[in-house]
């Protein structure tokens, strides 16, 4: 079941297993290097990704691409 308030990319991430390897994401036109997908908070519209130094939190409305490994 899709969540209409989430972008199509975040709706797709809802079906992605936590800890899935990811090379990078594009946020508001900028490429961000990440290592893994963590989860999506449906209520707040946020996606979480691991980086080499911690966790990056992204507003789903600003996420335009996810490059899987």
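Bear in mind that the values in this text are calculations on the coordinates, not laboratory data. Bear in mind that the values here come from a model prediction, so they are computed numbers and not experimental data. A quick note on method: Cβ atoms are made from the backbone with ideal geometry, for glycine too, and the neighbour counts reach across all protein chains shown.
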_Single residue of 30, 21, 52 found to be free of Cβ contacts under 8 Å to residues at least 12 places away in the same chain and out of contact with any helix residue (DSSP H, G or I) (no Cβ under 9 Å at 6 or more places or on another chain)_ = 30
*asked:* Quick test of your reading of the structure: residue 31 fulfils all but one of (1) part of a loop (DSSP other than H, G, I, E, B); (2) surrounded by fewer than 15 Cβ atoms within 10 Å (Cβ to Cβ). Name the failing condition by number.
replied: (1)
*Any idea how many residues of the range 1-28 are in a helix (DSSP H, G or I) and surrounded by 15 or more Cβ atoms within 10 Å (Cβ to Cβ)?*
4
*Can you tell me which residues in the range 39-69 are buried (at least 18 other Cβ atoms within 10 Å of the Cβ) and in a strand (DSSP E or B)?*
40, 47, 49, 58, 63, 66
_Flag if residue 36 is farther than 15 Å from residue 62 by Cα and surrounded by 14 or more Cβ atoms within 10 Å (Cβ to Cβ)_ = yes
